[in-house]
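S.K.: Sending over a structure as structure tokens; questions will come in a sec.
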Amino acid sequence: MAQIQRTQRTQQAQQTTQDTLPTTASASAGQPAGRLEDVDAHALPGWVNFIQDNLFLSFLMLAEAYLLGTLMTLGWVADIEAPSRWGDYHAVGVVLFFLAGAMAAGVALRCSVKAAACFTRHEWGMALFNFAGLLLFSGAEIWASLSERSANLRPTPADGAVLNLLGIGHAPISPTVVVVAFLLPFASLYYGFSQQHRRDSASERAAKAAQEDFALERKLKQAQATAQIRAAQVAGMAGAFKAGVGALRGDPVAQPTQAPAGDSVAPANSGEEVNAAPASPLALRWSRQPGQRPPSGS
């Protein structure tokens, strides 16, 4: 019986495995070819990724919003550092411009992430469109940085050395200013291309949970079957041990006996064992008919 149950469980497990294989294959075929999990990001500690994605990224967007907001307020007020002379109307405009700068910085970052994802999936139209938008917003940020820093331009000795090496020692520009102007836009650009983490959808998470539950249930069934097999083995070894001990002691082995079909049964109230000879079939037939005498010689 135990062997039959194990065979049935094996057949059920094989059938379940065959049923799940097409589902897994179809799910894998339905995923986009370019959506591969980025395993390189997992080389960093988890807290580094968390702080970078949730804290430092906010600082990057605020810095870009500051640059773009400052660029948009140029010519709107006479002096950005004298709020008392703005007036109510221009003060509202300054606040809106800085909020719009924050929005523009967010759109640039979104274009970077979208362009990277589209390039990965080989969606060239959307990829080029978002990349062009990223270049436009990056150009505006670069110009805003150059415009603000040109007012307080003070070349450093390193700047002078580089300009003299290039033969333009009196150029009205500083290599440091250029590098800093390109820094923030390039940070947004490379963030989108380097932080392509795969985030599972709700259906994918549900499918993974179902697979984990199935694997756990299968392991549980295997453990139960193994426990039953071990219990049967222990019981068999115990029976063999008892039989061996009985054989060493010389105990008689009880053999099941069956009484012949024609043997007579002793009365229940006799209290003694009756050793009667088997009755003939003719006598038994006459004994079943009351009021008749058995034939002579029976």
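S.K.: Suppose the filter is without any contact (Cβ under 8 Å) to a residue 40 or more places away in the chain, in contact with a helix residue (DSSP H, G or I) (Cβ under 7 Å, 6 or more places away or on another chain) and of a type outside the set (Gly, Ala, Ser); does ILE80 pass it?
M.R.: It is true that ILE80 is without any contact (Cβ under 8 Å) to a residue 40 or more places away in the chain, in contact with a helix residue (DSSP H, G or I) (Cβ under 7 Å, 6 or more places away or on another chain) and of a type outside the set (Gly, Ala, Ser).
S.K.: State the number of residues belonging to the range 101-114 that are under 26 Å from the mean Cα position of the chain (by Cα) and buried (at least 19 other Cβ atoms within 10 Å of the Cβ).
M.R.: Of the residues in the range 101-114, 1 are under 26 Å from the mean Cα position of the chain (by Cα) and buried (at least 19 other Cβ atoms within 10 Å of the Cβ).
S.K.: Further question on the same structure: For the range 250-272, indicate whether the set of residues that are surrounded by 10 or more Cβ atoms within 10 Å (Cβ to Cβ) and modelled with pLDDT of 55 or more is non-empty.
M.R.: yes
S.K.: Sticking with this one: Spot the failing condition for LYS221; the list is (1) in contact with a Lys or Arg (Cβ under 9 Å, 6 or more places away or on another chain); (2) at pLDDT below 80, and only one is missed.
M.R.: (2)
S.K.: In the range 74-84, is there at least one residue being more than 20 Å from SER147 (Cα to Cα) and either at pLDDT 85 or above or within 43 Å of the chain's Cα centre (by Cα) (or both)?
M.R.: Within the range 74-84, one or more residues are more than 20 Å from SER147 (Cα to Cα) and either at pLDDT 85 or above or within 43 Å of the chain's Cα centre (by Cα) (or both).
The values are calculated or read from the model by the stated rules, or taken from the named source; none is laboratory data. Quantities reported herein were computed from a predicted structural model and do not represent experimental measurements. Glycine gets a Cβ as well: all are built from the backbone with ideal geometry, and neighbour counts include every protein chain shown.
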